[in-house]
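Read through the structure below, which is laid out as C-alpha cells, and then see the notes.
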Amino acid sequence: MPRSSQPELSQERIVAEAVRFADSEGLAKLSMARLAERLGCATMSLYRHVATKDDLLVFMLDHAYGKPPFPEAPVENWRAGLERWTTELLAVYRRHPWMLQIPTAGPPLEPGQLSWMECGLQMLRRTGLSPTEKFSAVLLMTGYVHAGTKLSPEALRMPDGDGAAMPQYGRVLAKLVDADHFPVLSELITAGVIDAPTDEFAFGLQRVLDGVEVMVNARRESPEAS
C-alpha cells in the first residue's frame with residue numbers, strides 16, 4: 001500500500017495549523033472538525049495529541065507568541081530596551097489579534113509567555129528597581145499593549161450595512177456633534193485632529209515610559225541606591 005503524502009500528525013502540526021486557521025478565519029470559526037478537515041484527518045484523531053479544545057487554545061497562544069527580543073548583552077539603556085520589547089509584543093498581537101479573545105484564568109504559565117516576561121524583566125535589570133517594581137512595570141507595559149491592540153487605526157473605521165468601510169471616525173462624528181453641547185470636541189473635529197495620521201500607540205507608550213523613568217530616577221537618587 002502506498003504511503004500517505006500527508007505529514008505525520010503531531011501536536012506541533014495541529015497547533016501550527018490551528019494558528020494559521022485563526023489568523024485567516026478568526027477564532028470564532030475554529031472547531032476541531034474544521035481543523036481536522038484542513039489537516040486531512042478524522043476529528044477523533046486530533047484528540048490523541050490534544051485532549052480538549054481548551055488545551056488547544058492554550059497551546060495556540062503559546063505558539064503565537066514566538067521568540068521575544070532577548071538582549072545580546074546586559075541592557076544599559078533600559079528605556080530603549082523596554083520600548084523595543086513593547087513594540088515587538090504589539091506586533092505579535094496585531095499579527096494574531098485572536099490572542100486577546102482567549103480568556104485567561106490566571107498568570108502566564110506556558111514557556112512562550114514566560115519567555116516574554118523574562119525578557120521584559122531583563123530590560124529592567126540594571127534600573128535599581130525592586131523585584132516587585134520590575135514585575136509591576138512589565139505588567140503595566142503588557143496591559144498597555146493589550147489596550148493598544150484594541151485601539152488600532154482600524155478600530156476607528158466602522159462597517160456599514162453591507163460590510164464596507166464607513167468614512168473615518170471624525171467625518172461620522174461631524175454629523176452627530178454640535179458645538180453648543182460639545183464645544184471642545186467640535187473644535188477638534190473642525191481642526192481635523194481626530195482623523196489626522198498620528199501614531200497614538202507611540203505617543204502613549206512614551207508617556208507610560210516617562211512614568212517608569214520617574215520611578216527609576218527616584219530609585220537611583222535614593223540613599224539606598226548609593
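The values are calculated or read from the model by the stated rules, or taken from the named source; none is laboratory data. All of these numbers come straight from a predicted model, not from anything done at the bench. Cβ placement follows ideal geometry from the backbone for every residue including glycine, while neighbour counts extend to all protein chains displayed. Keep in mind that these areas ignore ligands, DNA and RNA; they rest on the heavy atoms of the full protein, side chains included. Shrake-Rupley method; radii C 1.70, N 1.55, O 1.52, S 1.80 Å.
Exactly which trypsin sites (Lys or Arg not before Pro) in segment 18-66 are in a DSSP loop and have at most 15 other Cβ atoms within 10 Å?
When the trypsin sites (Lys or Arg not before Pro) of segment 18-66 are filtered for loop state and at most 15 Cβ neighbours within 10 Å, Arg48 remain.
When the distances between all Cα atoms of segment 1-117 are binned every 10 Å from zero, what whole-number percent does each bin get?
12, 38, 28, 15, 6, 1, 0
Counting GluC sites (Glu not before Pro) as exposed when in a DSSP loop with at most 12 other beta carbons within 10 Å, what is the longest stretch of the chain free of them?
The reported range is 77-226.
Could you do me a favour and compute the accessible area per residue for the chain, 1.4 Å probe, result in Å²? Could the numbers behind the result be given before it?
Working: 14120 Å² over 226 residues.
Heavy-atom accessible area per residue stands at 62 Å².
How much net charge surrounds Ala42 when only the other residues with a Cβ under 14 Å from the Cβ of Ala42 are counted, with Lys and Arg +1 and Asp and Glu -1?
On the way: positive: Arg34, Arg38, Arg48; negative: Glu37.
Computed value for this residue: +2.
Kindly state, to the nearest 0.05, the FRET efficiency for Ala28 paired with Glu221, given R0 = 35 Å and r defined as their beta-carbon distance. Don't skip to the answer; put the middle values down first.
Details: r = 51 Å, r/R0 = 1.46.
Efficiency for this residue pair is about 0.10.
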